[in-house]
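A.B. asks: Below are the structure tokens for one structure; questions will follow.
FYI, it's all coordinate maths here, none of it is from the lab. Keep in mind that this is a model prediction, so the values were computed, not measured. For neighbour counting, all protein chains shown are included, and Cβ atoms are generated from backbone atoms with ideal geometry for every residue, glycine included.
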Amino acid sequence: MEYPIIPKKPLEKFAVKPNLQDYQKMREEVGWDKIARELDWYDNEHINIANVAIDSHLKTDRRDKKALIWESKKGEIEEYTFLDLSQLSNKFANVLNKKLGVEKGDRVFFFLERIPEIYIGIMGTLKAGGVIGPLFSAFGPDAVKDRLADSEAKVLVTSPALKKKIVDILPELPALENIIIVERGREKKDPHDLSYEELMAEASESFDVVKTHKEDYAIMHYTSGTTGKPKGAVHVHEAVLGHYATGKYVLDFQEDDIYWCTADPGWVTGTSYGMFAPWSNGITQAVYEGGFSAKRWYKFIEEKKVTIWYTAPTAIRMLMKAGDELPRGYCFDSLRNLYSVGEPLNPEAVIWGERIFGMAFHDNWWQTETGCIMIANYPIQDIKPGSMGRPFLGIEAGIVDDDFNELPCGEEGSLALRPGWPSMFRTYWKKEELYESQFINGWYISGDKAKRDEEDYFWFVGRADDVINTAGHLVGPFEVESLLIEHPAVAEAGVIGKPDPIAMEVVKAFVSLKVGYEATEELRLDIHKFAMKRLSRAVAPREIEFIDSLPKTRSGKIMRRLLKAKELGLPLGDTSTLEDD
Ligand code: ATP
Ligand code: MG
């Protein structure tokens, strides 16, 4: 399906000139060497993410600039300048280094709500040379245990309520030496736990940031678990080059921006783009503690005067589900750029953005493993709804066949990247073989299927595991799902291949409905007819089943493997990242 191109905004119409104005020229002129020179290094080999993100601004006019505007679920506001964050993270670094004996390379994990202490703690840990590992606060005990055991974390920072959830698993974590509890005056901690507040009160505000090597481990992020057991992707301090550059040229950070990234720090978007990208660019970011709520989110944009908003397709689909009437009650004049990542962005959602906010969502593609945005739609280019955009500066992307040779434009194959960019993962924790198996023939093989067109736009087809083989046709679920959600009754769709003796697989769609629609046989037939009209016979779903809601990961990705396992009565596999389990 082709959708009309959304033409680029002419340069003269930009009130603030974008950082990336000529894609081709910039691709030729801007490489990682040039980007590296813009950051604060100790010498050619040593850099520390937290120094770049926080302390480097103290030497500039940004010293007293707001770095973080935080709003709690109850509506309380707290503001932190770069100087505040510097001093607080120094204190935390002292707590780890001097009090708890944390050394370079030790893992410090965070199982916390989205409160300021997670930002302070992460920056403090990086300053102390530790390796950070954030966990979704919504995780259950098993998900927490798996990750803490695998990473052999030495320190866990959590809250009284979250600790209660995991007390039973703590005896099974021999490497875990200390638990720090952030009380925030809300609840009392167990008397034998360490109190964040008490430790911080005693700690000094000055700390000599550990001069980490660019290849020293800094961040451990477990993947979303969409396709199987989550893997611990490990990133190094040099990754900050990728966060900084994509913040500058894709998100187009400008000095006076108020930026909002809706991702939880438990997911890589919440750290790469909820901490490192904005702050390495010296940008103010607004954070809302709570989860999704259409009303609260619209109000937050209006009140905080958000200029750049980075969110995910699942959230956009939920906003669409809440209807077009609600956003009419809010003012979105402050908004300049909208972005989306995490799953394919349905063309319908791109177009909806135009209608509601007067601008399209810019889709971009990357993974936990890639550490930063790899393929993107930039503010200065045409948007082709349904395309993830073009490779970032310094990134070479290609489509390869089953023998890992590059394919020409238009052909579907595996999406691959030439290794060597700064934020590329350096290993899967304790899974070196799996890591190495993904580098073949000079490419990093992403595990996604895609194609590229003549103008170097990339089009997502599906995850390799999700692609359906029906009567000799390869069908990406995304194409079918995107069409189904164009039906007025359909809120979301998840599409799988169901084994079939004749066609090998047939396409089956699970569909959830918008409020006000009833799951009747008549509606099912209507959706079927709608799909048959718009999709070829082979691609249109043979079966459509109504479902209240689709199984999703905590980061909002549709877990098609669960739909399939349930359909076939097979074991569910790893469900540690499943939402609302
Ligand atoms: P796991 O690797 O554990 O199965 P995951 O792949 O979902 O989980 P992430 O690293 O969070 O873990 O997600 C990266 C994947 O998300 C990509 O490989 C791709 O399949 C999907 N994705 C991200 N952005 C986009 C996008 N813009 N369009 C299409 N797919 C996307
Ligand atoms: Mg993956």
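A.B. asks: Which parts of the range 442-462 would a label at Ile5 reach, counting a residue when its backbone N lies under 17 Å from a point 7 Å out along Cα-to-Cβ?
C.D. replies: 452-459
A.B. asks: Where a Cα-Cα gap under 12 Å defines reach, which aspartates and glutamates qualify for Lys557, not counting those fewer than 8 residues away within the same chain?
C.D. replies: List returned: Glu343, Glu492, Glu579.
A.B. asks: Among Ala67, Thr125, Pro174, pick out the residue whose Cα is farthest towards the positive end of the charge dipole of the range 11-451, where Lys and Arg carry +1 and Asp and Glu carry -1 on C-beta, about the Cα centre.
C.D. replies: Ala67
A.B. asks: Whole-Hz ³J(HN,Hα) for each residue in the range 110-120, computed from phi via Karplus 6.51 cos²θ - 1.76 cosθ + 1.60 with θ = phi - 60°, x for glycine and proline: what do you get?
C.D. replies: 10, 10, 9, 5, 7, 10, x, 4, 5, 6, 5
A.B. asks: Could you give each residue of the range 415-430 its phi-based ³J(HN,Hα) in whole Hz, using Karplus coefficients 6.51, -1.76, 1.60 with θ = phi - 60°, and x for Gly or Pro?
C.D. replies: Karplus values, whole Hz, x for Gly and Pro: 6, 10, 10, 6, x, x, 7, x, 8, 5, 4, 9, 5, 9, 3, 6.
A.B. asks: Cys409 to Ala175: FRET efficiency via 1/(1 + (r/R0)^6), r the Cβ-Cβ distance, R0 35 Å, to the nearest 0.05?
C.D. replies: Efficiency computed from Cβ-Cβ geometry: 0.10.
A.B. asks: Under 25 Å Cα-Cα from Lys214, which lysines qualify once same-chain neighbours fewer than 8 residues away are excluded?
C.D. replies: Qualifying lysines at Cα under 25 Å: Lys34, Lys59, Lys91, Lys98, Lys104, Lys127, Lys154, Lys231, Lys248, Lys430, Lys431.
A.B. asks: In whole angstrom, note down how far apart the Cα centers of the range 263-305 and the range 321-371 are.
C.D. replies: 14 Å
A.B. asks: Quick one: which residues, 5+ away or cross-chain, put their amide H under 5 Å from the amide H of Ala218? H built at 1.01 Å from N.
C.D. replies: Excluding prolines and chain starts, which carry no amide H, the hits are His235, Val236, His237.
A.B. asks: Rounding to the nearest 20 debye, state how big the charge dipole of the range 468-568 is about its Cα centre with +1 on each Lys and Arg Cβ and -1 on each Asp and Glu Cβ.
C.D. replies: It works out to roughly 380 debye.
A.B. asks: If you take the square roots of the eigenvalues of the alpha-carbon gyration tensor of the range 515-581 and sort them as a ≥ b ≥ c, do you get rounded (a/c under 1.5), prolate (a/b over b/c) or oblate?
C.D. replies: Prolate, because a/c is 1.5 or more and a/b exceeds b/c.
A.B. asks: Can you give the extra length, in nm with one decimal, that the chain gains between Asp142 and Val167 once fully stretched, where that is 0.36 nm per residue apart less the Cα-Cα distance?
C.D. replies: 7.9 nm
A.B. asks: Would you mind working out the magnitude of the charge dipole of the chain relative to its Cα centre, with +1 at each Lys and Arg C-beta and -1 at each Asp and Glu C-beta, to the nearest 20 Debye?
C.D. replies: 800 debye
A.B. asks: Which residues does a label at Asp333 reach in the range 301-316, if reach means a backbone N under 20 Å from a point 7 Å past the Cα toward the Cβ?
C.D. replies: Residues 301-309 qualify, since their backbone N sits under 20 Å from the label point.
A.B. asks: In whole Å, what are the extents of the range 354-495 along the principal axes defined by its C-alpha atoms, from largest to smallest?
C.D. replies: For the range 354-495, the Cα extents along the three principal axes come out at 47, 41, 32 Å.
A.B. asks: 5 Å is the cut-off here: which amide hydrogens, built 1.01 Å from N in the peptide plane, fall below it relative to Glu38, excluding neighbours closer than 5 in sequence?
C.D. replies: Close amide H contacts, sequence-distant or interchain: none at all.
A.B. asks: Another question about this same structure. Would you please give the residues with an amide H less than 5 Å from that of Leu251, counting only those at least 5 places away or on a separate chain, with H modeled from the backbone geometry?
C.D. replies: Under 5 Å from the amide H of Leu251: no residue qualifies.
A.B. asks: Same structure again: Residue separation times 0.36 nm, minus the C-alpha to C-alpha distance between Asp574 and Asn44: what's the value?
C.D. replies: Result for the pair: 186.6 nm of gain on full extension.
A.B. asks: In addition: Taking 41 Å as R0, compute the FRET efficiency from the Cβ-Cβ separation of Glu205 and Asp526 and round it to 0.05.
C.D. replies: 0.05
A.B. asks: Obtain the nm distance between the two label points defined at Gln21 and Arg63 by a simple spin-label model: each point lies 7 Å from its Cα along the Cα-to-C-beta direction.
C.D. replies: 3.3 nm
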